[in-house]
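Read-outs: derived from the displayed coordinates by stated rules, not from any lab. Since the model is a prediction, treat every value here as computed from it, not as a measurement.
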Amino acid sequence: MSSLNDRVAMRHMDIYMEQEEKYLEAVMMNTERLQSKLQSEMGSRLQYDLSTPPLMWGPWLYYRRVEEEKPYPVLCRRLLKLNDKFVSNKSPFTGFDFTSGKTN
């Protein structure tokens, strides 16, 4: 396929997507109040102390957390100290004895 045909096909796809967006907006127009109510209720039920398990990359631990009143997660890192024990989230039970409930 030539580049001219590619551009024509992309333009047709853009027109189709614009028409589909307009149709969606027209169909969903009557539900705007319900959508905002659901969004606010779901937002009130979110826990803002959520964070991901840390991933080790070199001497650093990287993780994400959601802070209150921020609509996006914050990417954090901290230096892994020599005396810190780190359990990777890829193998979270490495070094854990299930029979005694203690780490090896």
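Each residue of region 11-27 is assigned a 3J(HN,Hα), and the resulting list reads 5, 4, 5, 4, 4, 4, 5, 5, 5, 5, 4, 5, 5, 4, 4, 5, 5 Hz, derived from the Karplus form 6.51 cos²θ - 1.76 cosθ + 1.60 (θ = phi - 60°), x at Gly and Pro. For Arg64, the amide hydrogen comes within under 5 Å of the amide hydrogens of Thr52, Cys76, counting only partners 5 or more places away or on other chains and with H modelled in the peptide plane. Remark: region 1-79 is approximated by an ellipsoid whose semi-axes, taken from the C-alpha gyration tensor as √(5λ), come to 39, 28, 7 Å, largest first. Put simply, the amide H of Leu80, placed in the peptide plane, has neighbours under 5 Å in Trp60, Leu61, leaving out anything fewer than 5 places away on its chain.
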